[in-house]
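Structure, as structure tokens:
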């Protein structure tokens, strides 16, 4: 297999030149025996598409969660309304582009699994899985290309951040007690966090436990809290 027996001596050369012209790609001849037996190059390509698909899935899932609401969801971003309502819930807004992309990605992952399995079909110098691998890889590429294009043009470009709601949620988050943990100690920080979970504002809970006002204001300085270091201790050192 792969010797070229009973084929014109220039068949491969002419075929590759024609395929290069049709596709616009600079194709070159592979080792024929290896290409008939081993499909690992296509398996690697399929795996790369799968990795890209997983990243897009995570992005789509995050955007769907961040746009949930408005009353009982996060509502931190707004995505365009593509479908007015649903078949059973008037006024409901469905993130159809994101969900369509997620379904396409599920298919890509399934196709990648089929490619991996088909690459091992056959014995010795002939792999009988070549047709399936070729079909599935091109379908993967088509699906992920369309999903990327739709998410980029219909969601990402038209995405709007609800900055005021983001700030309000961030400033009321129990996670902010982490800033004061080095200053208060773990046990006292836990007590403050429990008060916040019962509806007390973080600022009031900190004041109840004797945290000075000049440190309480750190809660509002969100940009400072995303940098390395110990903001509460640094402030204490400067005040000393």
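The values are calculated or read from the model by the stated rules, or taken from the named source; none is laboratory data. Remember, predicted model here, so these are calculated numbers, not experimental data. Quick reminder, even Gly has a Cβ in these numbers, built from the backbone with ideal geometry, and neighbours come from all protein chains shown.
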Kindly indicate whether any position in the range 157-176 is more than 22 Å from the chain's Cα centre (by Cα), buried (at least 17 other Cβ atoms within 10 Å of the Cβ) and not assigned by TED's automatic domain parsing to the domain that holds residue 104.
yes
Condition check: out of contact with any strand residue (DSSP E or B) (no Cβ under 8 Å at 6 or more places or on another chain) and not assigned by TED's automatic domain parsing to the domain that holds residue 79. Does residue 190 satisfy that?
yes
On the basis of being assigned by TED's automatic domain parsing to the domain that holds residue 135, in contact with a helix residue (DSSP H, G or I) (Cβ under 9 Å, 6 or more places away or on another chain), closer than 30 Å to residue 4 by Cα and touching a residue at least 12 places away in the same chain (Cβ under 8 Å), does residue 67 make the cut?
no
Answer yes if at least one residue in the range 103-113 is more than 24 Å from residue 38 (Cα to Cα), surrounded by 20 or more Cβ atoms within 10 Å (Cβ to Cβ) and either modelled with pLDDT of 95 or more or out of contact with any helix residue (DSSP H, G or I) (no Cβ under 7 Å at 6 or more places or on another chain) (or both), and no otherwise.
yes
So residue 151, is it within 30 Å of residue 51 (Cβ to Cβ) and surrounded by 15 or more Cβ atoms within 10 Å (Cβ to Cβ):
yes
Please indicate, with yes or no, whether at least one residue in the range 197-217 is under 28 Å from residue 61 (Cβ atoms), outside the structural domain of residue 76 (by TED's automatic domain parsing) and within 34 Å of the chain's Cα centre (by Cα).
yes
Taking the criterion of being closer than 30 Å to residue 93 by Cα, free of Cβ contacts under 8 Å to residues at least 40 places away in the same chain and assigned to a helix (DSSP H, G or I), would at least one residue in the range 113-126 satisfy it?
no
When the residues of the range 77-98 are narrowed to those that are outside any loop (DSSP other than H, G, I, E, B) and touching a helix residue (DSSP H, G or I) at 6+ places or on another chain (Cβ under 7 Å), which ends up farthest from residue 135 (Cα to Cα)?
77
